[in-house]
Amino acid sequence: MMVEEHLLETSRTVRCLLGMLGTDVHSKGIRTLAQILRDAGIEVIYLGEHNSVPGMAQAVVDEDADIVGLSFSSAAYLDYTRQFIEAMRERGVGDVPVMIGGLIHPDDHAPLTDMGVAGIFGPGSTTSAIIDFVLTRGGAPR
Amino acid sequence: MSLSLPTADAVIGGDRRAAGRLITAAEAGLPGAEALVRDLYRAGGKGRIIGITGPPGAGKSTMVDRLVEILRGQGQRVAVLAVDPSSPLTGGAVLGDRVRMSGHAADGGVLIRSMAARGALGGLAHATGDAITVIDAMGFDVIIVETVGVGQSEVDILAHADVVVLLQTAHGGDGIQAVKAGILEVADIIAVNKAETPGTDRMIRALTQMVAHRTPTLEGWETPVLATEATVGRGVDAIIDAIDAFYACHSDHPQEARRRQRAQASARILALAQAVLRRRIRALAQPDVDGLLDDVVARRTDPYQAAAMLFPPD
């Protein structure tokens, strides 16, 4: 049954922007996540790898994303995340929650939270926890 | 839901945040959004609207990326509306067209917005027309609308684009496919992309023959069939030239151009009227839709009877 034609009212659609910054090339995880979120009824705006900080921050504005997910498999995530959140604030979208995933060291959780990261999904995170986070934080009124 | 709606002035002034939010609100069908879109429509109509369509994997996004590159080189401000399908099962989507356009991501003269089709079956989303209106009001010179990967019948792009560019590949079938009704009939410009593929010449011949024996899409216009290789940029200049030539033909045949515009207006009005009907039907169904669905499933009633029961008797 086509969703649009369904007789029941459908709920609000969450738009989640997913991408990787810089030279990180391990896109398998984020690609899998894109599909998992799709299957949870979320619209994923998929940017893939090799994005620049200003390019991705501009995409948050133009796509009116409800939530952003960054995936990292390299050690540079502290710098990149700080620059990215700064670039989002400069463009007036500092209120959009940012989650990060990938190889995130537990020692870095506190500084990441301090710079404004709303959710951290390191190794061992469950997909249901990520889906729940995206629907709850991305679906909140703003 | 985005609760705060922007002002029309913010959108007209080029505020991208405001435009982004208004498109979201239009997609969600918020009543406040409709009023804004209506105002913007009356003030708009300045930008060129170019439709890019074709089957999945024909290279539409890569071609759009190349077209943007050339148009930016000409100093034009370019917006892209890229539509991808929604899951018929969950309503979710993976909108991946931006991946091929990341080179323009930080260019202030380029705006890219991804849209999910959300159950619309004509190759666009129901709100694509509204999104075009919003972006046009921002003053972009060119708006490129990329459809979902289409089969043969998805021709909603006709109702919105000034010019329709169809991408095909050598694997698009033989001469009999070329003469079937549908998307091939409405293409103003045809590109056989991935021209390095064997069989490209044969496809170009079949399509050229088809074009020569059909009614022109616009009086005085002969649909060109071009060979392109978007990944390396080959033949893309020729598409830009063909688009310019098509607009020139438009100007030379004002009556024809007007006929097309009236047909577009008619299609849009009809689509909106149908959307109003769909909303009313859903509202009528709300009180006891569960019982109705159960009755049909259990065959206590039938879908015809159930549909009739949505409407109060005269």
Checklist entry - Hey, among A:Gly55, A:Gly116, A:Gly29, A:Gly92, which residue is under 16 Å from the mean Cα position of the chain (by Cα) and either loosely packed, with under 14 Cβ neighbours inside 10 Å or in a loop (DSSP other than H, G, I, E, B) (or both)? => result A:Gly116
Next on the checklist: Could you tell me how many of the residues in the stretch A:58-72 are over 24 Å from B:Ile23 (Cβ atoms) and crowded, with 24+ Cβ neighbours inside 10 Å?
Outcome noted: 1
Item to check | Those residues of the stretch B:280-314 which are closer than 24 Å to B:Pro31 by Cα, assigned to a helix (DSSP H, G or I), within 10 Å of chain A (Cβ to nearest Cβ) and not β-branched (Val, Ile, Thr), in sequence order | outcome: B:Arg282, B:Ala283, B:Leu284, B:Ala285
Item to check | Total residues in the stretch B:85-105, condition farther than 18 Å from A:Thr32 by Cα and within 7 Å of chain A (Cβ to nearest Cβ) | outcome: 3
Next on the checklist: If I ask for residues that are more than 13 Å from A:Ser71 (Cα to Cα), in contact (Cβ under 8 Å) with a residue 60 or more places away in the chain and in contact with a strand residue (DSSP E or B) (Cβ under 7 Å, 6 or more places away or on another chain), which ones from the stretch A:98-132 would you list?
Outcome noted: none
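This table checks each residue for (1) polar (S, T, N, Q); (2) touching a helix residue (DSSP H, G or I) at 6+ places or on another chain (Cβ under 7 Å); (3) modelled with pLDDT of 95 or more.
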site: B:Gly96; (1), (2), (3): no, no, no
site: B:Val110; (1), (2), (3): no, yes, yes
site: B:Val148; (1), (2), (3): no, no, no
site: B:Leu158; (1), (2), (3): no, yes, no
site: B:Gly175; (1), (2), (3): no, yes, no
site: B:Ile189; (1), (2), (3): no, yes, yes
Checklist entry - So which residues in the stretch A:73-89 are away from chain B (no Cβ under 14 Å) and either β-branched (Val, Ile, Thr) or buried (at least 23 other Cβ atoms within 10 Å of the Cβ) (or both)? => result A:Tyr77, A:Thr81, A:Ile85
Checklist outcome for this item: Per the filter on the stretch B:122-144, residues part of a helix (DSSP H, G or I) and not β-branched (Val, Ile, Thr) are B:Gly129, B:Asp130, B:Ala131, B:Asp136, B:Ala137
Checklist outcome for this item: Filtering the stretch B:268-299 down to residues that are among the basic types (Lys, Arg) and under 13 Å from B:His126 (Cβ atoms) yields B:Arg268, B:Arg278, B:Arg279
Item to check | Pairs where the first residue, in the stretch B:12-29, is free of Cβ contacts under 8 Å to residues at least 40 places away in the same chain and the second is buried (at least 22 other Cβ atoms within 10 Å of the Cβ) and among the small types (Gly, Ala, Ser), C-beta under 8 Å, 6+ apart | outcome: B:Ala25/B:Ala33
Checklist entry - Is one or more of the residues making up the stretch B:68-75 under 20 Å from the mean Cα position of the chain (by Cα), among the small types (Gly, Ala, Ser), assigned to a loop (DSSP other than H, G, I, E, B) and closer than 25 Å to B:Ile240 by Cβ? => result no
Item to check | Exclusive hit being among the polar types (S, T, N, Q) and more than 30 Å from A:Glu49 (Cα to Cα), set B:Thr197, B:Thr208 | outcome: B:Thr208
Item to check | Options B:Asp241, B:Asp237; residue that is closer than 16 Å to B:Lys60 by Cα, modelled with pLDDT of 95 or more and part of a helix (DSSP H, G or I) | outcome: B:Asp237
Checklist outcome for this item: Among residues of the stretch B:111-125 being crowded, with 22+ Cβ neighbours inside 10 Å and more than 7 Å from chain A (Cβ to nearest Cβ), the residue nearest to A:Val53 (Cα to Cα) is B:Met115
Item to check | Subset of the stretch A:35-48 [within 9 Å of chain B (Cβ to nearest Cβ) and either aliphatic (A, V, I, L, M) or surrounded by fewer than 24 Cβ atoms within 10 Å (Cβ to Cβ) (or both)] | outcome: A:Gln35, A:Leu37, A:Arg38, A:Asp39, A:Ala40, A:Gly41, A:Ile42, A:Val44, A:Ile45, A:Leu47, A:Gly48
Item to check | Condition met for A:Leu18 (more than 15 Å from B:Val99 (Cα to Cα) and either under 11 Å from the mean Cα position of the chain (by Cα) or part of a helix (DSSP H, G or I) (or both)) | outcome: no
Next on the checklist: Filter the stretch B:9-54 down to the residues that are within 18 Å of the chain's Cα centre (by Cα), surrounded by 19 or more Cβ atoms within 10 Å (Cβ to Cβ) and more than 27 Å from A:Glu90 (Cα to Cα) and list them by number.
Outcome noted: B:Val37, B:Gly47, B:Arg48, B:Ile49, B:Ile50, B:Gly51, B:Ile52, B:Thr53, B:Gly54
Checklist entry - Which condition number in (1) exposed (fewer than 13 other Cβ atoms within 10 Å of the Cβ); (2) over 21 Å from B:Ile183 (Cα atoms) is the one that B:His213 fails? => result (2)
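The values are calculated or read from the model by the stated rules, or taken from the named source; none is laboratory data. Everything numeric here is computed off the predicted structure, so don't read it as measured data. Neighbour counts run over all protein chains shown; Cβ positions are idealised from the backbone, glycine included.
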